[in-house]
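Read-outs throughout are calculated quantities, based only on the coordinates presented, and are distinct from any laboratory measurement. No experiment lies behind these values; they were computed from the predicted model shown. Positions of Cβ are backbone-derived with ideal geometry, glycine not excepted, and every protein chain shown enters the neighbour counts.
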Amino acid sequence: MAERPDINPRPVTRCVCHDVSFREIAASNARSLEEIATRCGAGTGCQSCVPYLQKMLATGETAFAVIQDDRE
Ligand code: FES
């Protein structure tokens, strides 16, 4: 998957399905996708936020350029 800031200049900052921001999730100190899912449900709906949650867990960042799946 590749970052594509040219697709949408607005950063991705939240799980839309569960209306929770990555900043709120990061502040909860969850350490895994499973912990995040248990605490707020993020990543358990359409799952389009999962790559961003994984990046948040790895970097601590809470706003991301759009990631495009190159397999399309
Ligand atoms: S945007 Fe997070 S599960 Fe749909």
Go through region 27-72 and name the trypsin sites (Lys or Arg not before Pro) that are in a DSSP coil and have 10 or fewer other Cβ atoms within 10 Å of their Cβ. 31, 71
Below 8 Å between Cα atoms, with a sequence gap of 6+, how large is the relative contact order for region 2-68 in percent? 48
Hey, any idea what the orientation-averaged projected area of the convex hull of the chain's Cα atoms comes to, in nm²? 4.6
Per-residue ³J(HN,Hα) for region 21-30, Karplus 6.51 cos²θ - 1.76 cosθ + 1.60, θ = phi - 60°, Hz, x for Gly and Pro: 7, 4, 5, 5, 5, 4, 5, 7, 6, 5
Can you list the cysteines of the chain that have no other Cys Cβ under 4.7 Å away? 17, 40, 46
